[in-house]
Amino acid sequence: MPFQSKDSAIAGQQNKVQEVVIRFKDLGLYTMSGVVVTVDLGEPHEIVAVIDCDNSTGVIDYLVASACVTTGNSVAITRAADFAADDKMIIKYVVTE
């Protein structure tokens, strides 16, 4: 279990941040078009961070907000290269209220 702050305001903020890991082999959780991977998060959201783990290059990129475009419940993430075998993305987001 992750650390839970004793400060109620901080604890409330900690609880707002959601995280999902999308692996290349998780077919059905994303669509691809070239270097753009689109994930439907199922609810309105604000992207906090995307960590892109490119297995073929051994590079881990922390993607900037401009690489992530939210439309409705989906986020389109532009990577440096195509999403391929053993690649993963960690998406941190806050559900908008």
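Laboratory data are not the source of any read-out in this text; all were calculated from the coordinates shown. The structure displayed is predicted, hence computed values, not measured ones. So basically every Cβ, Gly included, is an ideal-geometry build from the backbone, and we count neighbours across all protein chains shown.
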Discussion item. Starting from the 7 Å offset along Cα-to-Cβ, what nm value, one decimal, do you get for the label separation of residue 86 and residue 3?
Written reply: 3.3
Worksheet item: For the chain, max minus min Cα coordinate along each principal axis, in Å, sorted largest first?
Response: 43, 29, 24
Item to complete: Report the label-to-label distance for residue 38 and residue 26 in nanometres (one decimal), using points 7 Å from each Cα along the Cα→Cβ vector.
Response: 1.8
Fill in: Total formal charge among the other residues, if their Cβ is under 15 angstrom from that of residue 59, Lys/Arg +1 and Asp/Glu -1
-4
Discussion item. Using Cβ counts within 10 Å as a stand-in for footprinting exposure, how do 68, 53 rank, fewest first?
Written reply: 53, 68
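Give me the net charge for the shell around residue 47: Cβ to Cβ below 15 angstrom, other residues only, Lys and Arg +1, Asp and Glu -1.
Charge balance in the 15 Å sphere: -3.
Within 14 Å, Cβ to Cβ, of residue 87, how many net charges do the neighbouring residues add up to if Lys/Arg are +1 and Asp/Glu are -1?
So the surrounding residues net to -2.
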Practice prompt. Enumerate the aspartates and glutamates that residue 16 could reach by cross-link, defined here as Cα to Cα under 19 Å, with residues fewer than 8 away along the same chain left out.
Written response: 7, 40, 43, 46, 97
Discussion item. Can you work out the Karplus-derived ³J(HN,Hα) for every residue in the stretch 78-85? Use 6.51 cos²θ - 1.76 cosθ + 1.60 with θ = phi - 60°, whole Hz, and x for glycine or proline.
Written reply: 8, 9, 6, 9, 4, 6, 9, 2
